[in-house]
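This report refers to the structure that appears directly beneath it.
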Amino acid sequence: MNILIINGHKYYQYAQGRLNKTLFDQIVKTLSFSNELQTTIVEDGYVIDDEIEKFKWADLIIFQTPINWFSVPWLLKKYIDEVYSYGIFFGQSEEYGRGGLFKNKYYMYSLTWNTPCSAFNDSYGFFDGRDVDDVILAMHKLQEYCGLKRIKTFSVNDVVHHPNISEYLDKLKLHLEKYILNVSFI
């Protein structure tokens, strides 16, 4: 399978991206044995036409990114705004949102949150009983708009106050094995 892995972290003094890079590297390591990989580290810069070619080439796109203010960092959003081009990613459709041109491709989000798990799936929690995928619905819809199909989201929480890097890496590896390596979806 051809897999594009995108690191969407934006460096800040208070959020330097070490965990995001560690998870990104784990994805590369886990998937490199039996797949062809290309990567993009958005913060290192990119050439729009090269990124478009990577998307055309890929069967699966994995976004490794922190969640900042309930969405991706602004730099990753800028990347999406620049790369997701009309006529390549989407086109006209009689039904809104059904003009995606990447119908035979898949995507997966691998996310880091400072939000504790208790904020999700609890009617008294901050998100009023919503789960991670409900909270990032707009992020899923932008991929669906382009025709991509979802693979189960991977998410780790409370990463600043209660980091457990070895547990995150183990869970990520199991997630990749379960939803990508041991599944024939392409």
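The values are calculated or read from the model by the stated rules, or taken from the named source; none is laboratory data. Keep in mind the model is a prediction, meaning the values are calculated, not measured. Ideal geometry is used to build each Cβ from the backbone, glycine not excepted, and the neighbour counts take in all protein chains shown. We work out accessible area using only protein heavy atoms, side chains counted, and drop any ligands, DNA or RNA first. Shrake-Rupley method; radii C 1.70, N 1.55, O 1.52, S 1.80 Å.
If the condition is being free of Cβ contacts under 8 Å to residues at least 40 places away in the same chain and aromatic (Phe, Trp, Tyr), then the range 18-76 contributes Phe33, Tyr46, Trp69. For the range 152-167, a residue qualifies if it is open to solvent by less than 60 Å² (accessible area, probe 1.4 Å) and either in contact with a Leu (Cβ under 7 Å, 6 or more places away or on another chain) or small (Gly, Ala, Ser) (or both), and the qualifying residues are Thr153, Phe154, Ser155, Val159.
State all residues of the range 3-20 that are within 14 Å of Pro73 (Cβ to Cβ), out of contact with any Phe, Trp or Tyr (no Cβ under 7 Å at 6 or more places or on another chain) and at pLDDT 90 or above; if no residue qualifies, say none.
To start, the set of residues in the range 3-20 that are within 14 Å of Pro73 (Cβ to Cβ) comprises 6-12, 14-17, 19-20.
Restricting the remaining residues to those that are out of contact with any Phe, Trp or Tyr (no Cβ under 7 Å at 6 or more places or on another chain) gives 9, 11-12, 14-16, 19-20.
The one that is within 14 Å of Pro73 (Cβ to Cβ), out of contact with any Phe, Trp or Tyr (no Cβ under 7 Å at 6 or more places or on another chain) and at pLDDT 90 or above: Asn20.
Of all residues in the range 121-146, those that are surrounded by fewer than 15 Cβ atoms within 10 Å (Cβ to Cβ) have Cβ atoms under 9 Å from Cβ atoms of residues that are assigned to a helix (DSSP H, G or I), 6 or more apart or on another chain, in Asn121/Val132; Phe126/Ser118; Phe126/Ala119.
Among the residues in the range 112-132, are any at pLDDT below 95, in contact with a strand residue (DSSP E or B) (Cβ under 6 Å, 6 or more places away or on another chain) and polar (S, T, N, Q)? Even if it seems obvious, please write down each step before you answer.
Here is the first cut: in the range 112-132, the ones at pLDDT below 95 are 112-132.
Next, only the ones that are in contact with a strand residue (DSSP E or B) (Cβ under 6 Å, 6 or more places away or on another chain) stay: 112, 132.
Restricting the remaining residues to those that are polar (S, T, N, Q) gives 112.
Yes.
Residues in the range 100-119: is at least one over 30 Å from Asp50 (Cα atoms), open to solvent by less than 20 Å² (accessible area, probe 1.4 Å) and more than 17 Å from the chain's Cα centre (by Cα)? So far as the range 100-119 goes, yes, one or more of its residues are over 30 Å from Asp50 (Cα atoms), open to solvent by less than 20 Å² (accessible area, probe 1.4 Å) and more than 17 Å from the chain's Cα centre (by Cα). Scanning the range 31-45 for residues that are within 26 Å of Glu177 (Cβ to Cβ) and not in a helix (DSSP H, G or I) returns Ser32, Phe33, Ser34, Asn35, Glu36, Leu37, Gln38, Thr39, Thr40, Ile41.
Take the conditions open to solvent by less than 20 Å² (accessible area, probe 1.4 Å), over 28 Å from Asp44 (Cα atoms) and in contact with an Asp or Glu (Cβ under 8 Å, 6 or more places away or on another chain) and apply them to Gly97. Does it pass? Lay out the reasoning, then the answer.
Values: open to solvent by less than 20 Å² (accessible area, probe 1.4 Å): yes; over 28 Å from Asp44 (Cα atoms): yes; in contact with an Asp or Glu (Cβ under 8 Å, 6 or more places away or on another chain): yes.
Yes.
Look at Asp50 and say whether it is more than 17 Å from the chain's Cα centre (by Cα), modelled with pLDDT of 95 or more and either assigned to a helix (DSSP H, G or I) or closer than 23 Å to Ser155 by Cα (or both). Considered against the rule, which asks whether it is more than 17 Å from the chain's Cα centre (by Cα), modelled with pLDDT of 95 or more and either assigned to a helix (DSSP H, G or I) or closer than 23 Å to Ser155 by Cα (or both), Asp50 comes out as yes. So is Tyr79 farther than 22 Å from His175 by Cβ and either open to solvent by less than 50 Å² (accessible area, probe 1.4 Å) or within 14 Å of the chain's Cα centre (by Cα) (or both) or not? The answer is yes for Tyr79.
When you scan the range 162-181, do you find a residue that is part of a loop (DSSP other than H, G, I, E, B) and among the β-branched types (Val, Ile, Thr), even just one? Among the residues of the range 162-181, not one is part of a loop (DSSP other than H, G, I, E, B) and among the β-branched types (Val, Ile, Thr), which makes the answer no.
Set side by side, the residues Ser71, Ser85 differ, and just one is over 18 Å from the mean Cα position of the chain (by Cα) and open to solvent by 10 Å² or more (accessible area, probe 1.4 Å), which is Ser85. Exactly one residue out of Lys173, Lys149 is touching a residue at least 60 places away in the same chain (Cβ under 8 Å), touching a helix residue (DSSP H, G or I) at 6+ places or on another chain (Cβ under 9 Å) and open to solvent by 30 Å² or more (accessible area, probe 1.4 Å), and it is Lys173.
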